[in-house]
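Trainee: Below you will find the structure I want to go over with you.
The values are calculated or read from the model by the stated rules, or taken from the named source; none is laboratory data. For clarity, every value in this text was computed on a predicted model and none was experimentally measured. Note that we place each Cβ from the backbone using ideal geometry, even for glycine, and neighbour counts take in every protein chain shown. For accessibility, only protein heavy atoms count, side chains too; no ligands or nucleic acids. Shrake-Rupley method; radii C 1.70, N 1.55, O 1.52, S 1.80 Å.
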Amino acid sequence: CNTDCKNDPNNCISADLFLTMAKLMKYEGYADVGYQYVNIDDCWMERERGSDGKLVPNPELFPNGIAALADAIHALGLKIGIYEDYGTHTCGGFPGTRGHIEDDVDLFAKWGIDSLKLDGCYCNVSEFATGYPAVSKALNATGRPILYSCSWPAYLSDKDHVPYGAMAESCNLWRNYADIQDSWSSVANIINWFGDNHGNLASFAGPGNWNDPDMLIIGDFGLSFDQKPNPDGNLVDDGCATIHEQRLANDGTVAKGDSDEPGSYSCRPGSAGQNKVSEFSRTVKSTTNFGLESYTMEATLSLCIARIQTAFQNITRLPSKHLKYLLLQP
């Protein structure tokens, strides 16, 4: 976790970062195509609970608390998610929810949290069958609708005997496989795993409960230009802030760049006013045109739809027309 806001204020975990991402989601059009949750992951809290036993947001990272951030994100028409762990500690070594389930979920509801990701570090996996449903029951008891993401199956070594039926009763979505990393091998392994196992997963997906493919990686630069929107199936793009900075740098032309910075795009419209790509190179200086990502994805991701559409459709039960729209939009 990057919590060094003194030396890296633009990228560290902080209220400013999440509010910036929320504003970009709204004003850059991401909310219009369905993105609605801004999720805080690990390392948002103090290393120890307060004297009253409650979780304490890190005051340097969230000086006004989580509730104030939630209010600001809600004012933008978006929702906020938060992270915890069923074990004694989170994966980053912060206080887990073991022994504090009711207190923690009540606090999240009081703060106005809309989504909870519950990890499984520092815990015996044999306790998942009772622990994850217990948190689900506590969430329902708050009376606040809170999306519940479980990491239950991700920690089980025997993938052929995962209790998906029990998960579907307790969780809204569940992590099946390893964390996605900033490398093509990681992305490819996840795609291949879901492709090989979609028949075991589809029957448990439905309204209110579904498989989380964990396949969207944003803002990292370990993949080559060709691997980002790759014909073999990964959906990879630059972070919202990077795209935003590129847009604001000039007067709206989509330019062929002369630098070779990782993570940047290059495309040129076929002619003025047409949403066609006639030439690619490695970089783009800047653009204020919201269609930049759409140009790039439309020209490249269309090649991968046929291969991965069946697997995704079986997993999520999305109609093909929705899948194609999802894949082609930023």
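Trainee: Considering only protein heavy atoms and a probe of 1.4 Å, how much of the accessible area of the range 34-178 is carbon and sulfur, as a whole percent?
Mentor: Carbon plus sulfur share of accessible area: 49 percent.
Trainee: Over the range 61-151, what is the mean sequence separation of C-alpha contacts under 8 Å (at least six apart), divided by residue count, expressed as relative contact order in percent?
Mentor: On the way: 131 pairs, mean separation 28.5, N = 91.
In percent, rounded to a whole number, it is 31.
Trainee: Please give me, ordered by residue number, the GluC sites (Glu not before Pro) of the range 45-76 that lie in loop per DSSP and have at most 10 other Cβ atoms within 10 Å. Let's see the in-between values first.
Mentor: Values: sites: Glu46, Glu48, Glu60; in loops: Glu46, Glu48, Glu60.
Qualifying residues, ordered by number: Glu48.
Trainee: On to the next question. Cβ under 14 Å from Asn64's Cβ, Asn64 left aside: what net charge do those residues give with Lys, Arg +1 and Asp, Glu -1? Mind showing how you got there, number by number?
Mentor: Details: positive: none; negative: Asp16, Glu60, Asp71.
With Lys, Arg at +1 and Asp, Glu at -1, the net is -3.
Trainee: For the pair Thr88 and Asn10, what calculated FRET efficiency results from E = 1/(1 + (r/R0)^6), where r is the Cβ-Cβ distance and R0 = 41 Å, to the nearest 0.05?
Mentor: Working: r = 33 Å, r/R0 = 0.81.
For R0 = 41 Å, the calculated efficiency reads 0.80.
Trainee: Over the range 119-186, calculate the relative contact order: mean separation of alpha carbon pairs under 8 Å at least 6 apart, over the residue count, as a percent.
Mentor: Details: 56 pairs, mean separation 24.3, N = 68.
About 36 percent, as a whole number.
Trainee: Using modelled amide H (1.01 Å from N, peptide plane; none on Pro or chain starts), what sits under 5 Å from the amide H of Arg175, excluding residues fewer than 5 places away?
Mentor: Residues meeting the amide H criterion: Cys150, Ser151, Trp152, Ala154.
Trainee: Could you give the length gained by full extension between Gln36 and Asp182, i.e. 0.36 nm per residue of separation minus their alpha carbon distance, to one decimal place?
Mentor: On the way: separation 146, 0.36 × 146 = 52.56 nm, distance 2.37 nm.
Length difference between fully extended and current span is 50.2 nm.
Trainee: Can you list which of the chymotrypsin sites (Phe, Trp or Tyr not before Pro) found in the range 83-133 are DSSP loop residues with at most 16 other C-beta atoms within 10 Å?
Mentor: On the way: sites: Tyr83, Tyr86, Phe108, Trp111, Tyr122, Phe128; in loops: Tyr86, Tyr122.
Passing sites in the range 83-133 are Tyr122.
Trainee: Using the heavy atoms of the protein chains and a 1.4 angstrom probe, tell me the accessible area per residue for the range 69-156 in square angstrom. Write out the running numbers ahead of the final one.
Mentor: Working: 3300 Å² over 88 residues.
On a per-residue basis, the range 69-156 sits at 38 Å².
Trainee: Report the Stokes-Einstein translational diffusion coefficient (µm² s⁻¹, integer) for the range 20-104, Rh taken as the Kirkwood radius over Cα pairs, at 10 °C with viscosity 1.306 mPa s. Can you show the working numbers first?
Mentor: Numbers: Rh = 14.0 Å.
Rounded to a whole number, D works out at 113 µm²/s.
Trainee: Give the long-range amide H neighbours of Leu116: residues separated by 5 or more places, or on another chain, with amide H under 5 Å away, using H modelled in the peptide plane at 1.01 Å from N.
Mentor: When sequence neighbours closer than 5 places are left aside, the close amide H contacts are Ile82, Leu147, Tyr148, Ser149.
Trainee: Another question about this same structure. Per-residue counts of other Cβ atoms within 10 Å, averaged by peptide: what ranking do you get for 15-21, 91-97, 143-149, highest first? Spell out each step's value before the answer.
Mentor: Numbers: 15-21: 18.9, 91-97: 20.4, 143-149: 16.6.
Going from most to least packed, we get 91-97, 15-21, 143-149.
Trainee: Given charges of +1 on the Cβ of Lys and Arg and -1 on the Cβ of Asp and Glu, with all other atoms neutral, how large is the dipole of the range 1-84 about its Cα centre, in debye to the nearest 20? Spell out each step's value before the answer.
Mentor: Details: 7 positive and 13 negative charges, 39 e Å.
Computed charge dipole of the range 1-84: roughly 180 debye.
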